[in-house]
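Participant: Here it is, the structure in full.
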Amino acid sequence: MQDIPVLTVDGPSGSGKGTIVQHVAQKLGWHLLDSGALYRLVAFGSQNNHLSFDDEASIADYAANLDVEFKLVGSDSAQPGMADAKELQIILEGQVVGPELRTETTGNAASIVAAMPAVREALLQRQRDFRQAPGLVADGRDMGTTIFPDAGAKIYLTASAEERAQRRYKQLKDKGISGNLAALLKDINERDERDSQRTASPLKPAEDAVIIDTSNLSIEQVVEQVLAICEQKF
Ligand code: DC
């Protein structure tokens, strides 16, 4: 397992990680671990099962037994020359989970359960199990520091809070949802504070991570930089 290559990509919400890692994993033909989705699933599922956020032991127990399946669905025989139409489906306790996993409300709830040391411990091995040949791109907050400290390449993506709020505002607008820029900025600052001040695996760059500030870069430029680093390291 240790000789299977891993690229870790950590950073705060809205740094563009999600999009970047999808492109990079596709280019490399590697597996992808979206660790934030695991914390979101624990928060979402705990709420559905009426667990109290004051009851860390029950939430950790729920996390340890999380009944989730990540499934690639759709045909890969779309028209010749077209990219395949596969998409990742997340099935929690037998039910497909859709856009409700990506809402600000679920993100904030995820940040609360993610601050619980017992929950992080419960998800540790499950995350390491994603390390499968030919390689893994791991996206999160503590991929390079705690989950895969021996990763062959580590990236830390960041961007100013204002830029991240603007991006989120635009994303919502593109989906036809009206957002409030000041409220989004406040949310981002609160989430940053909680994610970086917690004692269990706080958000911070690994000592050997390459830090990329994406504030003034396009997605393509960041993907290019990350792939160049991979070429050097692997
Ligand atoms: O990346 P995201 O927005 O989907 O993550 C949701 C929350 O989960 C985020 O506020 C912090 C937490 N998280 C974490 O603590 N550790 C990770 N490896 C990934 C996410």
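Participant: When both residues are 6+ apart or on different chains and their Cβ atoms are under 8 Å apart, which pairs have a first residue that lies in the range 49-61 and is without any contact (Cβ under 8 Å) to a residue 40 or more places away in the chain, and a second that is among the hydrophobic types (A, V, I, L, M, F, W, C) and open to solvent by less than 70 Å² (accessible area, probe 1.4 Å)?
Facilitator: Leu51/Ile59; Ser58/Leu51
Participant: Inspect the range 86-108 for any residue being open to solvent by 10 Å² or more (accessible area, probe 1.4 Å), under 18 Å from Val21 (Cα atoms) and touching a residue at least 60 places away in the same chain (Cβ under 8 Å) and give the result as yes or no.
Facilitator: Yes - at least one qualifying residue is present in the range 86-108.
Participant: Restricting to the range 129-169, count the residues that are hydroxyl-bearing (Ser, Thr, Tyr) and over 17 Å from Gly36 (Cβ atoms).
Facilitator: Here is the first cut: in the range 129-169, the ones hydroxyl-bearing (Ser, Thr, Tyr) are 145-146, 156, 158, 160, 169.
Those still in the list that are over 17 Å from Gly36 (Cβ atoms) too: 160, 169.
Counting residues in the range 129-169 that are hydroxyl-bearing (Ser, Thr, Tyr) and over 17 Å from Gly36 (Cβ atoms) gives 2.
Participant: Taking the range 218-234 on its own, how many of its residues are of a type in the set (A, V, I, L, M), farther than 19 Å from Pro149 by Cα and modelled with pLDDT of 95 or more? Lay out the reasoning, then the answer.
Facilitator: First, pick out the residues of the range 218-234 that are of a type in the set (A, V, I, L, M): 219, 222-223, 226-229.
With the extra rule that they be farther than 19 Å from Pro149 by Cα, the set shrinks to 219, 222-223, 227-228.
Checking the rest, the ones that are also modelled with pLDDT of 95 or more come to 222-223, 227-228.
Total meeting the criteria: 4.
The values are calculated or read from the model by the stated rules, or taken from the named source; none is laboratory data. Because the structure is a prediction, the values reported are computed rather than measured. All Cβ positions, glycine included, derive from the backbone under ideal geometry; neighbour counts span all protein chains shown. To get the accessible areas, we keep the full protein, side chains included, count just its heavy atoms, and leave off ligands, DNA and RNA. Shrake-Rupley method; radii C 1.70, N 1.55, O 1.52, S 1.80 Å.
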